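Coordinate-derived values only; no laboratory data. From a predicted model like this one, the values you see are computed outputs, not experimental measurements. Don't worry about glycine lacking a Cβ; one is built from the backbone with ideal geometry, like all the others, and counts go over all protein chains shown.
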Ligand code: SF4
Ligand code: SF4
């Protein structure tokens, strides 16, 4: 990230200086504890703090300097702006960072590319062959297995590379010194607490730091944001596990899909699909009711496009599963694969990266503060 302070960076620096003097919100979340470790704020510090914030909004509702006060302190929104800026800055390849500013256009483009690739790979089936293949839910009669592997393998490898390089760039920016290599293994004392950071990530402990749930505009604490995040995260993880088990069956045992409704890949995929239905649908509904002062418009669009793609993936997958022995199976399969491929193309340039960078920020927080 260039060292020159841009608008969002300047505003974040100003707000952190004011908050550091005030400290009224210090018990709310890790952002304030991490802030108190600093006297001045570099672009790397501010990037770290922005990705540590989970945009609950509590510090806005508590702030005596919030608009219309002349200090104009709106920490959730400023850090939201800075988060998107950090996603854009560390994106690889760099020119693709523009996708974070135009998530719907990027998603549409990915869908067009996917339509071209998947429909080009699909075999036209007709007459008796189609009836026979469809009755046996034979997906590979529509797109041969090796063609699927090539298309999804190439896109998958690119996605993993883009995320890994983005993560490396992020940690260099937000944590340039990293853990100390000598002595006890940590800059801050004790061993590097990966286990505690992993627990924070998997349990969403800091949603909210008190162990209670996020406060909303009416200052009520409701559990929905936490639970819907869990549905989305674990739904995705189960779908990934389903695909991995299916690949293992195919490559190691030579067991060719389709698998029975009671088989491990189908049970995992169904449970994951339901999680990806409930989580994204609920989060989209919550976002519509959320206070617009909490989140920058670019981050709201980013979240909307990501959740819409997750929802489309789960709906098309579940419909395909239920109707896989019906005559329209080939069309349903092509639609589902188009959506899944487009989703994976957009993964490094969408809200998915929030999970990666927030996890890195939580690890840094554990090293620093606890
Ligand atoms: S958000 Fe407002 S009340 Fe909270 S620490 Fe900052 S200045 Fe103080
Ligand atoms: S919005 Fe919530 S998580 Fe972000 S700084 Fe404020 S209290 Fe912390």
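Region 218-367: Rg/Rh from Cα coordinates, Kirkwood Rh? Walk me through the intermediate numbers first.
Numbers: Rg = 17.4 Å, Rh = 17.0 Å.
Ratio of gyration radius to Kirkwood radius for region 218-367: 1.03.
Given the peptides 7-13, 254-260, 359-365, arrange them by the average over their residues of other C-beta atoms within 10 Å, most packed first. Let's see the in-between values first.
Numbers: 7-13: 19.0, 254-260: 13.6, 359-365: 22.0.
Top of the packing list down: 359-365, 7-13, 254-260.
Taking 0.36 nm per residue of sequence separation and subtracting the Cα-Cα distance, how much length would be gained by fully extending the chain between residue 14 and residue 203, in nm to one decimal?
Numbers: separation 189, 0.36 × 189 = 68.04 nm, distance 3.22 nm.
Extra length available between residue 14 and residue 203 comes to 64.8 nm.
So what's the back-of-envelope 222 nm ellipticity for the chain, counting only DSSP H runs of four-plus at -39500 (n - 2.57) apiece and dividing by all residues, rounded to 500? Could the numbers behind the result be given before it?
Values: 14 runs with 234 residues, N = 370.
Only helices count here, giving -21000 deg cm²/dmol.
Scaled to the compact-protein estimate 2.2 N^0.38 Å, what is the alpha-carbon radius of gyration of the chain, rounded to two decimal places? Present the calculation step by step, with values, prior to reporting the outcome.
Numbers: Rg = 22.7 Å, N = 370, 2.2 N^0.38 = 20.8 Å.
Normalised Cα radius of gyration, the chain: 1.09.
Measuring from centroid to centroid over Cα atoms, what is the spacing of region 247-311 and region 26-99 in Å?
27
Mind sorting 318, 276 by how few other Cβ atoms lie within 10 Å of their own Cβ, fewest first? Please list the in-between numbers first.
On the way: 318 17, 276 27.
Ranking 318, 276 by Cβ neighbours within 10 Å, fewest first, gives 318, 276.
Provide 366, 168 in ascending order of the number of other Cβ atoms located within 10 Å of each residue's Cβ, fewest first.
Details: 366 22, 168 12.
Placing the least packed residue first, the sequence is 168, 366.
Suppose each label sits 7 Å from its Cα in the direction of the beta carbon; what would the residue 288-residue 66 distance come out to in nanometres?
2.4
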